[in-house]
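The values are calculated or read from the model by the stated rules, or taken from the named source; none is laboratory data. In this text, all values refer to a predicted model and were calculated from it rather than measured experimentally. Positions of Cβ are backbone-derived with ideal geometry, glycine not excepted, and every protein chain shown enters the neighbour counts.
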Amino acid sequence: MPTDTMNPATAVTYGPFIQAAEAQYSSNPSVVNPATITNMPAGYTLVRTIQMTDFLGPEQSRVFYGYVAVGGDPRTAVVALRGTESTMEWWDDFHWDLVPFTQVPDGGKVAEGFYDVYKSIGTMAPGQEATSAPGAAAAEVAQAATSGLAAGLDPASLPLVVTGHSLGGALATLLVTDLNATTALKPQAWTFASPKVGDATFAARYGGLSTVSWRIYNQVDVVPRFPVDVSDSYQPVTTGYAINSLGKAKWSLSCAHSLNTYMHVLSPATVPLDQACS
């Protein structure tokens, strides 16, 4: 895997894409397929929305998880996946059994909870009056990311970034692995506060990808340490980049895990800290 120097200024440019996805969901969770994404970074066009099925709680329903946008200079496709909006105890209810990641040859095993959500990915045209159905996740996202390419342009030449926070970081890690193994696309991965996703075989498979990847984690955030098992089966993927918010933000579970805290520590001069964590 390429090991270019991690650039915090680049990392924080992807945070607003995730924040827009999180704000979209938190403002109206019942809207599965919004026609627009408020506060999406300027210069980007929304091309698809992303739905998945939540497998926690008494109901299993399709919910908004993120979007695909294209824009910028050079022209880039960005896949942004939100984190969980519920309390930290949400993680205690997740399914941590290891299951095969069958989308990828020699993909090892990953957390059953992440895998169940991941394999439910579907995409829709923004504002479409319908319900997306689960499909092949990599194929769904690849088609969305390349839908605006000029005729004859090689999809592999399109810069593609997959970014996510918390649960979205884990799902982004699965998606990048899948896209690299099964499509012509070679996406970059920029994740914040991602938990560990799978076993040593999965981590090694991920480490062998020919892509830029940065797993940014706060040393005082508990989520990147999850899951913890007595046999130490779960292993973090490579190219981790550690930050530490102690002395820079108030310590609490939520502040240590907040995407805003991550962005502030990475770039204090450009990203103000939320008042609740100052």
All positions within region 205-216 that are crowded, with 24+ Cβ neighbours inside 10 Å and assigned to a strand (DSSP E or B): Ser213, Arg215, Ile216
Region 236-247, subset modelled with pLDDT of 95 or more and in contact with a helix residue (DSSP H, G or I) (Cβ under 7 Å, 6 or more places away or on another chain), residue surrounded by the most Cβ atoms within 10 Å (Cβ to Cβ): Ser245
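I'd like the full set of residues that are closer than 18 Å to Val265 by Cα and within 18 Å of the chain's Cα centre (by Cα), limited to region 235-251. Walk me through how you get there before you give the answer.
The initial filter retains those residues of region 235-251 that are closer than 18 Å to Val265 by Cα, namely 240-251.
Within region 235-251, Gly240, Tyr241, Ala242 meet the criteria.
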Condition met for Ala200 (out of contact with any helix residue (DSSP H, G or I) (no Cβ under 6 Å at 6 or more places or on another chain), surrounded by fewer than 17 Cβ atoms within 10 Å (Cβ to Cβ), among the hydrophobic types (A, V, I, L, M, F, W, C) and within 20 Å of Glu112 (Cβ to Cβ)): yes
Number of positions in region 145-204 that are part of a strand (DSSP E or B), modelled with pLDDT of 95 or more and polar (S, T, N, Q): 2
Hey, Lys248 among the charged types (D, E, K, R) and in contact (Cβ under 8 Å) with a residue 40 or more places away in the chain or not: no
Selection count, region 248-278, where residues are crowded, with 18+ Cβ neighbours inside 10 Å, of a type in the set (Ser, Thr, Tyr) and assigned to a helix (DSSP H, G or I): 2
Options Ala204, Ala242, Ala193: the member that is in contact with a Leu (Cβ under 8 Å, 6 or more places away or on another chain) and not aromatic (Phe, Trp, Tyr): Ala193
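Name the single residue that is surrounded by the fewest Cβ atoms within 10 Å (Cβ to Cβ) among those in region 11-37 being more than 16 Å from the chain's Cα centre (by Cα) and free of Cβ contacts under 8 Å to residues at least 24 places away in the same chain.
Pass one, region 11-37, residues more than 16 Å from the chain's Cα centre (by Cα): 26-37.
Among the residues that remain, those that are also free of Cβ contacts under 8 Å to residues at least 24 places away in the same chain are: 27-28, 30.
Values: Ser27: 10, Asn28: 11, Ser30: 8.
Among them, the one singled out is Ser30.
Go through region 38-53 and give me each residue that's free of Cβ contacts under 8 Å to residues at least 40 places away in the same chain and buried (at least 19 other Cβ atoms within 10 Å of the Cβ). It would help to see each step written out before you state the result.
Here is the first cut: in region 38-53, the ones free of Cβ contacts under 8 Å to residues at least 40 places away in the same chain are 38-44.
Scanning region 38-53 gives Met40, Tyr44.
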Residue identified as in a loop (DSSP other than H, G, I, E, B), farther than 30 Å from Thr146 by Cβ and at pLDDT 90 or above among Val230, Val220: Val220
